[in-house]
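Chemist: Here you go, one structure.
The values are calculated or read from the model by the stated rules, or taken from the named source; none is laboratory data. Owing to the predicted nature of the structure, the values given are computational and were not obtained by experimental measurement. A quick note on method: Cβ atoms are made from the backbone with ideal geometry, for glycine too, and the neighbour counts reach across all protein chains shown. The accessibility values were calculated without ligands, DNA or RNA, using every heavy atom of the protein model including side chains. Shrake-Rupley method; radii C 1.70, N 1.55, O 1.52, S 1.80 Å.
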Amino acid sequence: MKMTGNPVLDELIKRSRTLGQDQTLVVYGGGNTSAKGVITDHLGREREVIWVKGSGSDLRNAEVEDFPALKLDELLQLRNFAEMSDDQMVDLVTRSLIDPSSKRPSIETLLHAFLPYRHIDHVHANAICALTNHADGRQITKEALGENIAYIDWMRPGFELSQIVSNLASYEGVVLAHHGLITWSDSSQGCADRTMEVVGQAEAFIRENTRRQEPAVTRKEMTEPEAVKLLVRIRGALSATGRRVLHLDDRLREISDSPLVKEIVEGGTASADHMLRIKPFSLVVENYEKVTTNIDNYVREYCQYFERHIETVAKGPVMHDPMPRVVLVPGLGGITSGSGLGEARAAADIALQTHTVASNVLNAFGTPQALTEKEIFDFDYWPMELYKLSLKPQALQFSGHITIVTGAASGIGRGIARLLASRGSSLVLADINGEGMEQTASIIRDEGGLDPVCVVGDQSDESVVTKTIHAAVRAFGGIDGVVINAGVAVPGNLSELSLGAWENAQKVNLTSAFLLTKASISCLREQGIGGSLVYVASKNAFSPGAGFGAYSVSKAGMIQLMRIAALEGGEYGIRANAVNPDAVFDDSKLWHGGIREERAASHGIAPSELEEFYASRNLLSVRVSTSDVAETVAHLLSDGASRTSGGVIPVDGGVPGAFVR
Ligand code: ZN
C-alpha cells in the first residue's frame, strides 16, 4: 500500500484492505468504504472532502487511486432534491469530484455523504444476507442484532435509498435486505470494530439457530476418464456462444453433493451484486447423460426471462450471454467459466459465498428466498451495475481458448507459446525439458500472459500424451488448438545412419505427432465444437537435404499425417494444417550438438556463416525467426483460418525447391 501523507485517507485505505481480505464480507468489487476529512486543493484552499471507493474497485488491494475525493458541501446540497434519476445522480456526483479524471465514485456515494459520520463501512457480509434472505428476514434480523440496527427491505441503491438511510443516522447501523450492512463511527478503528461486532453477532445467531443436520453424502466418486469426459462435454455446451475456460472448484463440492442443492440454488444470490458475475441462478446437473439438455434448457429459460421483462425498460439493453456461469455437478464439484482461469476462479469464489449463505439459511431459518423475478431483472440489467463490467479489459483474440504446445521449452515452441499467450490463450506446455519449459512459463508470466500449465515428459510415450490431454481438461475444461512441434534433428548419411538414430527420429518427430493427433481428435470430438491442429513440419518435407534423411522422412510423414487428420476430422469441424519453416536459429536447440557444424560442412561454409547462407538462398533474402513461424501458426489456430484444412504454409523466405505441391 502506498502512503498518501493524509492520515485519514491512509486509515481508510488500510481499513478497506483489511475488510477486503475476508471474502465472507465482500467479494470482487463488492462493498465500499468512505472517510471524510480535509485536503488542500489545487488552489491552496482547505476543503472538506469525502473519499469514497470507486465503482468496481476491489477493497482487497485498494490503493489511493481507488478512492476519489469529492467536495462534501456540494454533495450535501443534493439532499434537498425531491427526486433524482440514476443518470442525474451520476452526473451531479461526478461534478463534485476534486479531480475530474478520478475513477467514477461508487453508486452508493450519496449514502456515504449524507450520513453525518466521519467513517462508514458498507459490506455485503454473508452472515447479514443469511439473516435477511428468507420470509422472516425482518423479524430474525431484529432478534439477532437488536433494536439499534435498522432494517430496510430490498431496494436498489440510488438517491432514494441514500435519503432513507440518512434518516436512520440515530441508529448504530442499517441492514439492507438481500444486500448487506452499513455501519459508521467517527473513528476508523471504531467503524471497523462496529462492522466486525455486528457481523459477529449475526454469525453467532446463525450458529445458535442451526438445527438441521445435512444428510450424509453418498455420492460415488467419478473416475478420472469419466470426469474428463463430462468436463469436455460441459465445455462444449457452454462454448456455443463463445469459447471459455472452465474451472472445477472442490470447495463447491459439498454444496453440489447436498441433497438440498436445488433449494440452495433457488435461493438466488446472497447479495444482489453477485449476479453481475455469476448470473441470478446457478445450474444443477443431476443426470450426467443429460448435461447438454440441461444447459440448453437453462439458456432457453434465461432468454424467456429476458423477453418477459425487456419491454419494461426504456433503453432496451442487449441480452447478456445466456449461458450459466456456475454449473454444480453432484459427485464432481462446481464448474465456473471465464475468459481465463482468473475470471473463472473469481466466479467460483463468489458462488461459494452465495451458495453457502443459502445453505446456512436453509439450516437455520427455512427455505431461502431469492428476489422476485422483476427485482432480479431490474438489477441484472441496471446500467449502474453494468458499468462495472465495462471496466473489464477487452477480450483478446484467443481469450477463452485453450492451446497445447509441445516442444515449448525452447525455439519455435517457445515463440509460439509466447505469441499465443500475448493474445489471451490459456496454454498447456509440454516438453521433455522441464527446466526450459519453466523458463518459457516464467517469460509468459512476466509478459503478462495467463499462467500456463506445464507437462514434463516424452510425447512419444502414450501415457504422457494422455496426461497432457487430461491436464488441459482438468485445468481448463478442454482444448481448442494443438500445436505439434516437438522434434529432434538427426544428421547422417543413410549409408552410415544407425537403426537407433533412425528410429529415434521417427519416434520423436512422427510417432509423438500421431499419438497427440489421436488423443486430440477423440477429445475434440467429445467436446463437439471443432478445433485446430497445427503441425510444425519443415521445408525439408518437400525439399530434403542429403545427410539429413531421418529428419526429412519424419517431417514428410508428418505432412501426410496432417492430411489424414484433416480428412478424418473434417466432419467434426476439426481442421489440420502444417507450417514448413526453414533455418530458424533464434533460441532453437535444433542446431546444438554438432548439427550447425555438420550442416555448415555439407554446404562448404564456416558454422558462423550458416544463418547468412540460408538467408541468401531464399527468394526474399531474409532470415526466418521464431516469431515469423508463430504468426503463421496463430493464424491457422484462429477463426481467420476457419475455411482452411489440409494445407501447408511455408515460412522459409521463399524456397523454390520447397514450393507446396
Ligand atoms: Zn452494496
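Chemist: Using the alpha-carbon atoms, what tilt in degrees (0 to 90, nearest 10) does helix 549-569 show relative to the longest principal axis of the chain?
Modeler: Taking the Cα atoms of the chain, the angle to 549-569 is about 50 degrees.
Chemist: What is the percent carbon and sulfur in the accessible area of the chain, measuring with a 1.4 Å probe over the protein chains and ignoring ligands?
Modeler: C and S atoms contribute 51 percent here.
Chemist: Under unit Cβ charges (Lys, Arg +1; Asp, Glu -1), what dipole magnitude, rounded to 20 debye, does the chain have relative to its Cα centre?
Modeler: So the magnitude is around 1120 debye.
Chemist: Please compute, for the alpha-carbon atoms of the range 53-114, the extent along each of the three principal axes and give them in descending order in Å.
Modeler: If we take the Cα atoms of the range 53-114, the spans are 37, 18, 18 Å.
Chemist: At a Cα cut-off below 23 Å, give the lysines reachable from Lys507, other chains included and same-chain residues fewer than 8 away excluded.
Modeler: Partners within reach: Lys467, Lys518, Lys539, Lys555, Lys589.
Chemist: If you build the Cα gyration tensor of the range 470-539 and take the root of 5 times each eigenvalue, what three semi-axes come out, in whole angstrom, biggest first?
Modeler: Those come to 32, 11, 9 Å.
Chemist: Which FRET efficiency value, to the nearest 0.05, is calculated for Glu143 and Arg643 with the Förster distance at 60 angstrom and r the Cβ-Cβ distance?
Modeler: 0.35
Chemist: Over all directions, the average projected area of the alpha-carbon convex hull for the range 573-661 comes to how many nm²?
Modeler: The orientation-averaged projected area of the Cα hull of the range 573-661 comes to 6.8 nm².
Chemist: So which of Lys71/Lys103; Lys142/Lys374; Lys262/Lys290; Lys14/Lys142 end up more than 20 Å apart, counting from Cα to Cα?
Modeler: Cα-Cα > 20 Å for Lys142/Lys374; Lys14/Lys142; rest within.
Chemist: Dipole of the range 333-417, Cα-centred, from +1 at each Lys and Arg C-beta and -1 at each Asp and Glu C-beta, to the nearest 20 debye?
Modeler: Using Cβ point charges on Lys, Arg, Asp and Glu, the range 333-417 gives about 440 debye.
Chemist: Can I ask one more? Checking a compactness column here: for the range 321-473, what do you get for Rg(Cα) / (2.2 N^0.38 Å), N being the number of residues?
Modeler: Taking N as the residue count of the range 321-473, the ratio is 1.35.
Chemist: Counting DSSP beta bridges with both partners in the chain, what percentage is antiparallel, nearest 5?
Modeler: Taking every DSSP beta bridge with both residues in the chain, the antiparallel ones total about 50 percent.
Chemist: Would you mind calculating the relative contact order of the range 586-628 from Cα pairs under 8 angstrom and at least 6 residues apart, reporting the percent as a whole number?
Modeler: Relative contact order of the range 586-628: 27 percent.
Chemist: Now for a separate question. Report the percentage of all Cα-Cα pairs in the range 584-636 whose separation exceeds 14 Å, rounded to a whole percent.
Modeler: Within the range 584-636, distances greater than 14 Å cover 59 percent of Cα pairs.
Chemist: Within the chain, what is the longest stretch that has no GluC sites (Glu not before Pro) placed in a DSSP loop and near at most 16 other beta-carbon atoms within 10 Å?
Modeler: 497-661
Chemist: Using only C-alpha positions, report the orientation-averaged shadow area of the convex hull of the chain, nm², one decimal.
Modeler: Mean projected area of the Cα convex hull: 34.4 nm².
Chemist: Let me ask another. Could you estimate the translational diffusion coefficient of the range 237-365 from the Stokes-Einstein equation, with Rh from the Kirkwood formula over C-alpha pairs, at 25 °C and 0.890 mPa s, in whole µm²/s?
Modeler: 163 µm²/s
Chemist: Please list, or write none, the aspartates and glutamates whose alpha carbon is within less than 15 Å of the alpha carbon of Lys392, excluding same-chain residues fewer than 8 places away.
Modeler: Counting by Cα, and skipping residues close in sequence, Lys392 has these aspartates and glutamates nearby: Asp58, Glu343.
Chemist: Might you tell me the accessible area per residue for the range 367-410, computed with a 1.4 Å probe and given in Å²?
Modeler: Heavy-atom accessible area per residue stands at 42 Å².
Chemist: Place a point 7 Å from the Cα of Thr241 along the Cα-to-Cβ direction; which residues of the range 380-422 have their backbone N under 20 Å from it?
Modeler: 380-402
Chemist: Let me ask something else. Can you give the FRET efficiency for Glu503 and Thr466, using 1/(1 + (r/R0)^6), R0 = 30 Å, r = Cβ-Cβ distance, to the nearest 0.05?
Modeler: Here the calculated transfer efficiency is 0.85.
Chemist: Let me check the size of the range 1-64 from its C-alpha atoms; what are the radius of gyration and Dmax in Å?
Modeler: Cα radius of gyration and Dmax of the range 1-64 are 12.7, 43 Å respectively.
Chemist: Could you give the length gained by full extension between Ser170 and Glu597, i.e. 0.36 nm per residue of separation minus their alpha carbon distance, to one decimal place?
Modeler: 145.1 nm
Chemist: Rounded to the nearest whole Å³, what is the per residue volume of the convex hull around the Cα atoms of the range 1-153?
Modeler: Given the Cα convex hull of the range 1-153, per-residue volume reads 133 Å³.
Chemist: Here is a follow-up. Ratio of the range 523-603's C-alpha Rg to 2.2 N^0.38 Å, to two decimals?
Modeler: 1.37
Chemist: I would also like to ask the following. What number results when the radius of gyration of the range 292-402, computed over Cα atoms, is divided by 2.2 N^0.38 Å?
Modeler: Ratio of Rg to 2.2 N^0.38 Å for the range 292-402: 1.21.
Chemist: Okay, next question. Over the range 67-209, what per residue volume does the convex hull of the Cα atoms give, in whole Å³?
Modeler: For the range 67-209, the hull spanned by Cα atoms encloses 109 Å³ per residue.
Chemist: Moving on to the next point. Provide His355, His603 ordered by accessible surface of protein heavy atoms (probe 1.4 Å), highest first.
Modeler: Descending order: His603, His355.
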